[in-house]
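Visitor: Before anything else, here's the structure in question.
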Amino acid sequence: MRQVKHRTPTGRPHRVAELLRERLALILLFKCADPRLKEVTLTEVEMSPDLRQAKVFYVARENVDRDQVQIALDKAQRFIKAEVARENLFRLMPEFFFLPDPGLDRAARLEELLKAAKVGSGSEEDSNT
């Protein structure tokens, strides 16, 4: 009986995603003329198992309008795809979906809630120490 191998996140889509994240970061930093794209950090790329779709998660710096960053990414998408195609990473070019990374926003919100809870509880920690 043949064993079924379960795909792990260290498989080919994961390796390709990490390579693509590095290349996209370099393209945004050094080859895109739009200054809004210099304010972006790519946090993760998730590739579909068939490598035809790439979800590219990003965060923008604090003082940057996130809507403007999304507009800039959408506008530069053809140029970015052309630069990736020039590097011959893929037989078929994947479709890119640039998405804000929700993880960091959730972490910041959680930190705010924890600070508010700490302030609301008074100085219990100070009296225990």
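The values are calculated or read from the model by the stated rules, or taken from the named source; none is laboratory data. Bear in mind that the values here come from a model prediction, so they are computed numbers and not experimental data. A quick note on method: Cβ atoms are made from the backbone with ideal geometry, for glycine too, and the neighbour counts reach across all protein chains shown. Protein only, heavy atoms only, side chains kept; ligands, DNA and RNA dropped before computing areas. Shrake-Rupley method; radii C 1.70, N 1.55, O 1.52, S 1.80 Å.
Visitor: Scan the stretch 74-89 for residues that are more than 15 Å from L20 (Cβ to Cβ) and either part of a strand (DSSP E or B) or free of Cβ contacts under 8 Å to residues at least 40 places away in the same chain (or both) and jot them down.
Guide: Of the stretch 74-89, the ones more than 15 Å from L20 (Cβ to Cβ) are 74-76, 78-79.
D74, R78, listed by residue number.
Visitor: Is there any pair linking a residue in the stretch 34-58 that is farther than 21 Å from A85 by Cβ to one that is among the hydroxyl-bearing types (S, T, Y) and surrounded by fewer than 20 Cβ atoms within 10 Å (Cβ to Cβ), with Cβ under 6 Å and at least six apart or on different chains, and which?
Guide: Listed by first residue and then by second, the contacts come to F57/T43.
Visitor: Return the residues of the stretch 2-24 that are open to solvent by 100 Å² or more (accessible area, probe 1.4 Å), closer than 14 Å to D50 by Cβ and either modelled with pLDDT under 50 or assigned to a loop (DSSP other than H, G, I, E, B) (or both); say none if nothing qualifies.
Guide: Of everything in the stretch 2-24, just one residue is open to solvent by 100 Å² or more (accessible area, probe 1.4 Å), closer than 14 Å to D50 by Cβ and either modelled with pLDDT under 50 or assigned to a loop (DSSP other than H, G, I, E, B) (or both), namely R7.
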